[in-house]
2 protein chains.
Amino acid sequence: MTIDGLHIIASFFSYFWIVSPIKCVEIRVGGDRMNGAESLVKTFLHNGLDTVFANPGTSEMHFVAALDRHPEMNCVLCLFEGGTTGAADGYYRMKRDVAGTLLHLAPGLGNAFANLHNARKSGSGIVNVVGDHATHHLRYESPLRGDIMGVSQAVSHWTRVSDQATSVASDGAAAIQAARSQNGQIATLALPADTAWDAATGPATTSILAQPLHRPSLKDIEAAAMRLKTANAALMIGGSALFGPLRDLAGKISVETGCRLLADTLIPRISKGAGAAKLDQLVYPIAPKIAQLEQTSSITLIGADQPVAFFAYPDKPSTPEPAGCTVSSLCAPTDDIAWTIQSLADAVGVTSKTQLNTYALDLPPIPTGDLTLAKVGQTLAALIPENAIVCNESVTSGFHVIPPTATARPHDLLGGTGGAIGLCLPCATGAAIACPDREVIALTGDGSAMYTLQSLWTMARESLDVTVIVFANRGYQILRDELSNVGVESFGKNAEAMFDVENPTLDWVALAKGHGVPGIRIEDIDGFVKALSAGLSRNGPSLIEVMCPPAS
Amino acid sequence: MTIDGLHIIASFFSYFWIVSPIKCVEIRVGGDRMNGAESLVKTFLHNGLDTVFANPGTSEMHFVAALDRHPEMNCVLCLFEGGTTGAADGYYRMKRDVAGTLLHLAPGLGNAFANLHNARKSGSGIVNVVGDHATHHLRYESPLRGDIMGVSQAVSHWTRVSDQATSVASDGAAAIQAARSQNGQIATLALPADTAWDAATGPATTSILAQPLHRPSLKDIEAAAMRLKTANAALMIGGSALFGPLRDLAGKISVETGCRLLADTLIPRISKGAGAAKLDQLVYPIAPKIAQLEQTSSITLIGADQPVAFFAYPDKPSTPEPAGCTVSSLCAPTDDIAWTIQSLADAVGVTSKTQLNTYALDLPPIPTGDLTLAKVGQTLAALIPENAIVCNESVTSGFHVIPPTATARPHDLLGGTGGAIGLCLPCATGAAIACPDREVIALTGDGSAMYTLQSLWTMARESLDVTVIVFANRGYQILRDELSNVGVESFGKNAEAMFDVENPTLDWVALAKGHGVPGIRIEDIDGFVKALSAGLSRNGPSLIEVMCPPAS
C-alpha cells in the first residue's frame, strides 16, 4: 500500500478541471472492449482461482474495479501484506489448490516475502499479482520505483512482468499453471498500471491444468518394495502423503512390509488424532534425532527431502542417519506422490484386507488445578472437535502442548516449515477461508504473533471460526537459553533489553479488542477449559491469552 | 526472527547430555582471542556507530553476546523488522550519521525491505547486519536457507557476505564507510553463523570516514550564479540544504539573486515554522504542479532530482516544467551539497549583511467547537513546541493539518519519500532515539499505522517522548475516491470489502494499550487540545485517536 493515490485524491477534491488520468481511459465491460485487469480476473475465474487475499494500493485500482464487477470472486482484505501470503499458504494446504494475492509494488512484495518463504518451503502454490508503475514512467526515478523482479526472484519459482494489456490473460493463465505445477509453486506476476488499464482481449484458459509430474520407474518401485521388506528399513513420507487416503496407503505399506513409517520434523500438513495411521516423527534436536534413527538400515523417501539438521553443529554431522544407512529418494517432493504410493502399495501386496495400524481415540480427562502447559495440552486433546484444523506456531510451548493431541479426535495439524515466525495467524485465516465448515485453532507464541497480528482483523471481518491461543511467556525464551549456552551466565543491559518482551508487557486482550476480536486472559486451567469451550462453540474468532505457565 | 532456536531449547531443556554446538566453541574476550561478532561490535563502536535497532534470531546470538559485553552500544529491541529499518531511517535524518540494524536471515530482510526502500529514497545511511546460516551448512536445503543476497541487492547500494571471521572487522568498517558515502547509502552485511563464532582478530577502523563527494566546477558555479539572476529563475534545493545553516544560505542566495527558492513535494527532512527561510514547495498533483512552474525560465537543482510526476498520466507530461524551461543539475543528491551552496553564495555576493526572508511566528488562536481537520492543524500549529520533530504520514488528512504549521514555532518536518506506508511510527521512534531532548509528534493515517504498529511497544520500552496522532477515517479513503475516478459510481461487494476498514472498526486506544502506550479517543476539538497538551507535557509516549472529521 502506498501513498501515490494522495496525488489522485488531491486532484479529485480540489481541482475539478483536471481530468484524472484514469478517467481518460474508457472501460467498457462486455462486448469486445475490456481492459487488461478485467481479462486477468476473468482468466482467474475461468481457471478455477476464485479467492484473492488483497492488500491493494492505487496502481491496482483497475484490478479492484474488475474484481468488483465479479462478485463470484471472493476478495479478502488484509491490513498487512504478510497476512495475504500467509493466508494463501494456509488456503493451499487445506484446499489443495491456489489462491491469489494482490500486492502493491516492490515494498508490498517485500512485506509479503517472509510468508512466501514459508509457503515455498511448504510446497504451497500461490499466484501473486503485484501492481507496478506504468511502463513508460519507469525511466524516471519516481518515489515508488523499485525492484519487483529482484525481490520476486529471491523467493518465487516463476516470475513474469506482463508488459502488454493484450498478453495479461495468457500471462495470468501461465501463472496459474506454474503455481499448480510441481505440487505447488510460488508464481509472481508483475502488472504495470498501463497494462491494467489498456484494452485487452478476452480471458485465457490454461490448456493443461499443470505440467505432468515425474514418476519413478517400475524398476525403482520394485527395488523399493524389496528394500522396505528388509530389516530396519524405514519409509519417510512427505507432502500429500501425510494426510488423507495416501496416509492410509502409506500405513498399509508399512504393515505389509514391516518397515518403519517416518515423517520429518517440520511438516506443512499432517493428519493427527484417532484413525490416523501411526508413524514416527523425527524430533528437532540433532542428537536425539540421530538416536531415533540408530539401527536404521535404509530410508526410502516419498515426497520428502532427506532429513538434515536444522542448524550446523561444529562437531556433529549435518544429516542424522547412521553410517551405512542408505538414503534413497524414490519420489521427490515435486514428483507424483499419489502414483508412487499407489504403485508401491501394489508392489508390496497391499489389498483391501490389509489392516491399518492407527492411533486409537483416547481423550484425556479435563484437567483441573494449576495451569501447566501439559494440562493445556490435555485440555486441547479433550476438546479439539472432530475435523478441526490446528495451526501450530507455539514454539517452546508446543513441546508440551502438542503430544497429548496424538489421540484426540481426528484433525489436521499445520506446522511451520520455513522458520520465519509470523506464519500462524495468517495461515489460520487462509485455512478457515478454505474450509468454512471446520473449526480452526491457532496456537502461537507471543513474539511470533506480533509479526502479523493484523490478521486478527481479517478473522473478525470475515467472521472466521478461529480460536487463537497466545502463549504469553513475556520474552523470547529461546534466546535467553541460547545465550546461556554461549556461556553468558548473567545477562547485561543489552541482552536483557533484547530478550525481555516486558516493560511494558504486551496485553493480548487489548490487542485483540483493538482488532475487533473478543479476548480473555486466563491464569488457571479451569479458566482455560471454559475459554476454549466457549471459543469453539462461538461463531467468529476469539483469543485466549495463556499466562506463562511452567511446563508441567 | 525464526524458530530454529526451538531446536536448541529442546536440546537445553530435555537432553542434558547434548553439548550445544555453540558451547563447543570457546569465546574468550580480551587478550588475543575474540570472535567475529566481537570484532564487528568493536569495529562499530570504534567508528562511531553506537546505536543498533535489533530484531534478532538465534543465528545472531554471538552478536548479541558481543553487544551484551558492550553496554556503551545502545540496543533498541523492535518486535518487527520494519520497525528496525524505519527507525534507522528516522535516526539518520536527525542525527546525520548511521545506526545499525540487526536482522535474521532472508525473511527478516524481507520484512525490513519496505522501510529500506523508503530510507533509500530518503538518502538515509544505514548499516544492516543480517545473520545467516553457517557457511558449510548452506549446501543442504535446510528450512531457513534463503536468498539474502537477492533481496539485499534489490534495495541496498552495497551488499557483502562476510564469509571469514578474520575479515568481519574490515567488512564492518567497509559497510560503515559505504553507508556514510554519497550522502547516505544502504549497506547490508550478511554474517554467516560460523563467521560470528570463529576466532577473529581485532576491530578495524575506516581509514577515511567516507568517500569524498563530487563537487561542481567553479565554471558551473559561475554559470549558475548568472542564471539565477535572470528573470523567472528558480533554485530547487534538496537533501541537507532543506534544513539548518544550509537552508539559510540558500535563502540568502535567493535574496541576492531574486530567484525563486523551491523544494520538491516529498522531502525526508525540512525546517519548518518561524525563522525558516521562505520557499515554495511543489504540490502533489501534476496539473497544479505545472501551474506552479508556469513562466519559470530555468530550474537549477542543488541536492535534488528533477521534479517528476509521481504517477504517469496518459495525456500529461511526466515532468512539470514549462516548455523552454531549462533544468540544470548543479549538484546531484549524492554530491557535495554544503560546498556547492557555500560556493554559490560567495559567487552571488551573499555576505553577513544579506537579509533573510523568513516565516514569521504567527500562532493561531486555540480553536473550539466542532472537530475539523483544519482546526486540528490550527491546534497543532499553536502547540508544537520549539524544536519539535513532526513525522508526517497522515496522507489525506495532512492536506488540511499541515498548512497552518508554516508559522508555528521552529520545528523539523520528516515526510515520506518512498511511498511505502508504515514509515511513520518507526521513523518517529528513530528520531526520538537520535534526539532524546526533542518532542516528537507522529501524524499517521490509520491504514498506514497498521503496517508497523509494533513500534508503539518500542516507544513505551524506551520511554520516548512521542505523541502519536492517528487519523481514523475508517477506510482507505484514497482508494474509494480513486475507484470513483475509474467510473465506478456504486461500489459492489468486492470494492466495499477492500476499501472499508470497518466491520469491525479498529480501536486505536485498545491497540495502544496492548503495546503499553496510554491512549485517548477524541471527537471534538476541545478534547484534542487537552489531549495534545497532555501528550506534549508527558514523559513517554501517548496516542490520540482522532475520529474522522470533515476537512473544514
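Observations, loosely collected:
- Annotation for region B:398-412: at least one member residue is of a type in the set (D, E, K, R), in contact (Cβ under 8 Å) with a residue 24 or more places away in the chain, in a loop (DSSP other than H, G, I, E, B) and surrounded by fewer than 24 Cβ atoms within 10 Å (Cβ to Cβ).
- Put simply, of A:274, A:233, A:250 the only residue that is more than 14 Å from chain B (Cβ to nearest Cβ) and out of contact with any strand residue (DSSP E or B) (no Cβ under 7 Å at 6 or more places or on another chain) is A:274.
- Residue in region A:95-102 that is at the interface with chain B (Cβ under 9 Å from one of its Cβ atoms), open to solvent by less than 10 Å² (accessible area, probe 1.4 Å) and either closer than 16 Å to residue A:131 by Cα or in contact with a Leu (Cβ under 7 Å, 6 or more places away or on another chain) (or both) present: yes
- Considering (1) modelled with pLDDT of 80 or more; (2) in contact with a Gly (Cβ under 9 Å, 6 or more places away or on another chain), the lone condition that residue B:476 does not fulfil carries the number (1).
For (1) within 21 Å of the chain's Cα centre (by Cα); (2) outside the structural domain of residue B:169 (by TED's automatic domain parsing); (3) farther than 30 Å from residue B:315 by Cα; (4) open to solvent by less than 30 Å² (accessible area, probe 1.4 Å), each residue gets a yes or a no:
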| site | (1), (2), (3), (4) |
| --- | --- |
| B:227 | no, yes, yes, no |
| B:252 | no, yes, yes, no |
| B:269 | yes, yes, yes, yes |
| B:272 | yes, yes, yes, no |
| B:281 | yes, yes, no, no |
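- Count of region A:105-120 residues which are out of contact with any Lys or Arg (no Cβ under 9 Å at 6 or more places or on another chain) and either more than 20 Å from residue A:74 (Cβ to Cβ) or not assigned by TED's automatic domain parsing to the domain that holds residue A:85 (or both): 11
- The sole residue among A:459, A:450 that is more than 8 Å from chain B (Cβ to nearest Cβ) and either under 25 Å from residue A:276 (Cβ atoms) or open to solvent by less than 10 Å² (accessible area, probe 1.4 Å) (or both) is A:459.
- For region A:434-447, the condition of being within 17 Å of residue A:81 (Cα to Cα), of a type outside the set (Asp, Glu) and crowded, with 24+ Cβ neighbours inside 10 Å holds for none of the residues.
- Selected residue (criterion: farthest from residue A:337 (Cα to Cα)) from residues of region A:282-318 that are touching a helix residue (DSSP H, G or I) at 6+ places or on another chain (Cβ under 9 Å) and polar (S, T, N, Q): A:318
- Residues of region A:148-174 that turn out to be open to solvent by less than 10 Å² (accessible area, probe 1.4 Å), of a type in the set (A, V, I, L, M) and away from every other protein chain (no Cβ under 14 Å), as a count: 3
- Residues located in region B:231-250, provided they are within 28 Å of residue B:385 (Cβ to Cβ), small (Gly, Ala, Ser) and either outside the structural domain of residue B:305 (by TED's automatic domain parsing) or in contact (Cβ under 8 Å) with a residue 60 or more places away in the chain (or both): B:238, B:239, B:240, B:241, B:250
- Remark: pairs (first residue in region A:88-109, outside any loop (DSSP other than H, G, I, E, B); second residue modelled with pLDDT under 95 and among the charged types (D, E, K, R); Cβ separation under 8 Å; 6+ apart in sequence or on different chains) = A:102/A:60; A:104/A:60; A:105/A:132; A:106/A:147.
- Within region A:67-80, the set of residues being touching a residue at least 60 places away in the same chain (Cβ under 8 Å) and either surrounded by fewer than 24 Cβ atoms within 10 Å (Cβ to Cβ) or within 9 Å of another protein chain (Cβ to nearest Cβ) (or both) comprises A:74, A:76, A:77, A:79, A:80.
The values are calculated or read from the model by the stated rules, or taken from the named source; none is laboratory data. What you see is a predicted model, and the numbers here were worked out from it, not measured in a lab. Backbone-built Cβ (ideal geometry, glycine too); neighbour counts: all protein chains shown. Areas reflect the complete protein model, heavy atoms only, side chains present, ligands, DNA and RNA absent. Shrake-Rupley method; radii C 1.70, N 1.55, O 1.52, S 1.80 Å.
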